[in-house]
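The values are calculated or read from the model by the stated rules, or taken from the named source; none is laboratory data. From a predicted model like this one, the values you see are computed outputs, not experimental measurements. FYI the Cβ positions are ideal-geometry reconstructions off the backbone, even for glycines, and counts take in every protein chain you see. Just so you know, the surface numbers come from the protein's heavy atoms only, side chains and all, with ligands and any DNA or RNA stripped out. Shrake-Rupley method; radii C 1.70, N 1.55, O 1.52, S 1.80 Å.
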Amino acid sequence: MNIHFKAYGHKGILVQWPAEIKDSTLFEQQAFIKLVEDKIPEIDFAYHTYQEVYIEYKRPISNLELHKTQLKEVYKQTQIEFNQKSIVWSVPVCYEEDLVPDLKLYLEKKKLSLDALITLHTAAKHRVYFIGFLPGFLYLGGLPPKLSINRKEIPSKLIKKGTVAIGGKQTGIYPQNSPGGWYGIGYTPISFFDPSIKEPTWAKSGDFIQFKSVSRDELKDIESRISVGNFQLESTAYAS
Amino acid sequence: MLAKIEMLKKGVLMSIQDKGRSKHASIGVPRAGYVDTKEAVKLNTLLGNKKSAAVLEWSMLGPKLKFPKPTYIAISQHTVGSSLNGTNIRTREKIFVPADSVLKLGTSREKMYQYVAIKDGFKTENVLSSQSHLVGYLDSENMELKYVPIIEDAFNLSRPSFQLPSLGSNNLVRSMEALPGPEFDLLPKSILDALSNYFTLSNRRDRMGIQFNELVANDLPSMLSVPIIPGTIQLTPGGKMILLGKDCQTTGGYPRILWLPEDALAKLYQLPVGVKFKLKISSQ
């Protein structure tokens, strides 16, 4: 078994995989979380990042070794579903300088043309690995290596809601106004978090996001359709 | 019928808090909840409320509120300078508020976060099964504060107030219990030695976290984003120690070197700037 268990706080146990970004780890974590939540009623909730699952129990843990053994047993029974179908969501993005103040700086630093950026960024399928940082903030893998850029040394005070940004080897979408250290390269009118509905996020880890470049006019059209509740995201199934 | 409180003057860092919403970490939602759970529960108990009823929290400068209908309130222990219709009122006590009263809430030199609880809890908007403030979605600084008024009768008016015995001053507590965090094992002896020094809290503090004044030099490796929970102390590459509060993010990328149990977290959060304390690290 190449995973480790560690106590975290009075009620939590961390399950740790090797520190890397891998689809097989993601699938294993998803299957494992489903199974532990099913089989161990003492668990309150669980969630994951690239290489860790955090499990919180309803009550403080009195016998750590017992819980670890129980989790190991469940891990042994965990089966990864290969050939699983993932949803690919098509998310409209307007890549224009006056919508995202960082775009010019990003292109200068990367010595890229705007067309090259759009071509590369919209061609890739970006895997949703997990949601964190802000409510509904997706951590997306699958960035073409040519587009990666180190985070800003001094984070910007305000990145606007809807900003599609690159930080390191990842793309992220700011679901609300926030300080942040990533470079904004585009703007999307799509909402990624709505706490007034039962499932506040429509994207799930394991899904893909594919960005679709839209013009200023198309952006306006989509915004007005969203405001009257007449816009639906396109999605397709993809066997990974 | 609910009565609506009129906000005559806002306080500092005001927010409505209940026990929070821990179950939504998988979609990046902070837990939130009372900074000082013990104090909030105490006040709710005094009023005969559910333990988890919503209270109003603020820091340093309290708000001024007008109540159109009668109710009961209770104010946190160390809050000084509170008055009802111009008369000073006591803390940790069930206080009758007649119709059309003006309540001025005070401040504290000993505790950073103050509370007022109301009979049956504040009635405000609920998001993801909690009334706690949620940045960007539930703005409790500007929301309508409502409450269930009580029926004014002879029994209510004649009921004497009572004072609970004091639990003693938290100011004497200078040693905070801490447990090893997930990356504790990576710490070399030089850092373990540095952790046994006195620390103080800086002005860089809010419900998401508090930065310590003292730096701890380190060359710990950088990490991918991992789960984080309130009470964790992170150590940044620049040597900053950051204590994560109830509104902390669900994921973060700095080594999680220590973790403070809920009681210690509340005590540290209530400590004013400049007070010295030590971390007493026990094994898990």
| message | Cut-off under 25 Å on the C-alpha distance; same-chain residues fewer than 8 positions from B:K189 excluded. Which lysines are left, in chain and number order? | response | A:K6, B:K240, B:K276, B:K278, B:K280
| task | For A:K104, list the lysines whose Cα falls under 27 Å from its own Cα; do not include residues on the same chain fewer than 8 positions away. | result | A:K125, A:K146, A:K152, A:K157, A:K160, A:K161, A:K169, A:K212, A:K220
| request: Calculate how steeply helix A:64-77 sits against the longest principal axis of the alpha-carbon atoms of chain A, using the helix alpha-carbon long axis, and give the answer as 0 to 90 degrees to the nearest 10. | output: 70
| remark: With the full set of protein chains present, the residues of segment A:1-48 whose 1.4 Å probe accessible area falls by 30 Å² or more relative to the chain alone are A:K6, A:A7, A:Y8, A:G9, A:H10, A:D44, A:F45, A:Y47
| task | Convert each backbone phi in segment A:134-149 into a coupling constant with the Karplus relation 6.51 cos²θ - 1.76 cosθ + 1.60 (shift: θ = phi - 60°), then list the ³J(HN,Hα) values in order as whole Hz, x for Gly and Pro. | result | 10, x, x, 7, 8, 8, 10, x, x, 6, x, x, 4, 9, 6, 8
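How much of the accessible area of chain B, probe 1.4 Å, is carbon plus sulfur, in whole percent? Please list the in-between numbers first.
Working: 6770 of 12510 Å².
Its accessible area is 54 percent carbon and sulfur atoms.
For the interface of chains B and A, what total accessible area is buried with a 1.4 Å probe, rounded to the nearest 100 Å²?
2900
Expressed as a rounded percentage, what relative contact order does segment B:173-281 have, with Cα pairs under 8 Å and six or more residues apart?
Values: 237 pairs, mean separation 43.3, N = 109.
It comes to 40 percent, rounded to a whole number.
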| remark: Once phi for every residue in segment A:230-239 is put through the Karplus expression 6.51 cos²θ - 1.76 cosθ + 1.60 (θ = phi - 60°), the whole-Hz ³J(HN,Hα) values, with Gly and Pro written as x, are 10, 9, 10, 5, 7, 9, 9, 8, 9, 8
| query | Can you tell me the Rg and the Dmax, both Å, for the Cα atoms in segment A:4-77? | reply | 11.5, 34
| remark: Both in Å, the radius of gyration and Dmax of the C-alpha trace of chain A are 19.7, 61
| note | Quick calc of log₁₀ I(q)/I(0), chain B, Debye, one scatterer on every Cα, no solvent, q values 0.07, 0.13, 0.14 1/Å, result -0.28, -0.88, -0.99
| Inter-centroid distance (Cα atoms) of segment B:246-266 relative to segment A:56-77, Å | 22
| request: Could you tell me what percent of the DSSP beta bridges with both partners in the protein assembly as shown are antiparallel, to the nearest 5? | output: 90
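Quote the relative contact order of segment B:3-158 in percent (integer), defining contacts as alpha-carbon pairs under 8 Å separated by 6+ residues. The partial results should precede the final answer.
Working: 381 pairs, mean separation 48.4, N = 156.
This gives 31 percent for segment B:3-158.
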| task | Could you work out the mean count of beta carbons from other protein chains within 10 Å of each residue's beta carbon in A:132-144? | result | 4
| said: Which lysines, if any, have their Cα less than 19 Å from the Cα of B:K50, not counting same-chain residues under 8 positions apart? | reply: B:K19, B:K38, B:K42, B:K94, B:K119, B:K123, B:K146
| task | Please name the residues of segment B:12-51 whose accessible area, counted over protein heavy atoms with a 1.4 angstrom probe, falls by no less than 20 Å² between the chain alone and the full protein assembly. | result | B:S22, B:K23, B:A25, B:S26, B:I27, B:G28, B:R31
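Based solely on its DSSP helices, what 222 nm [θ] is calculated for chain A when runs of n ≥ 4 H residues each add -39,500 (n - 2.57) and the sum is averaged over all residues, nearest 500 deg cm²/dmol? Don't skip to the answer; put the middle values down first.
On the way: 5 runs with 61 residues, N = 240.
Per the formula, -8000 deg cm²/dmol.
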| What angle do you read, to the nearest 10 degrees and between 0 and 90, between the alpha-carbon axis of helix A:114-123 and the longest principal axis of chain A? | 40
| task | Give me the distance between the Cα centres of segment B:1-79 and segment B:96-150, rounded to whole Å. | result | 4
| request: Report, largest value first, the span of the C-alpha coordinates of segment B:173-281 along each principal axis, in whole Å. | output: 33, 30, 22
| What is the helix-to-structure angle for A:216-227, meaning the angle in degrees between its Cα long axis and the longest Cα principal axis of chain A, kept from 0 to 90 and rounded to the nearest 10? | 50
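Could you do me a favour and compute the accessible area per residue for segment A:24-149, 1.4 Å probe, result in Å²? Don't jump to the answer; show the numbers that get you there.
Values: 5960 Å² over 126 residues.
With the other protein chains kept in place, segment A:24-149 gives 47 Å² per residue.
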| remark: Expressed per residue, the solvent accessible area of segment B:1-41 in Å² (1.4 Å probe) is about 45
| In terms of the ratio Rg/(2.2 N^0.38 Å) built on C-alpha atoms, what value belongs to the protein assembly as shown? | 1.05
| task | Quantify, in whole percent, the carbon and sulfur part of the accessible surface of chain A (1.4 Å probe; protein heavy atoms only). | result | 50
| chain B - percent relative contact order, Cα under 8 Å, separation 6 or more | 21
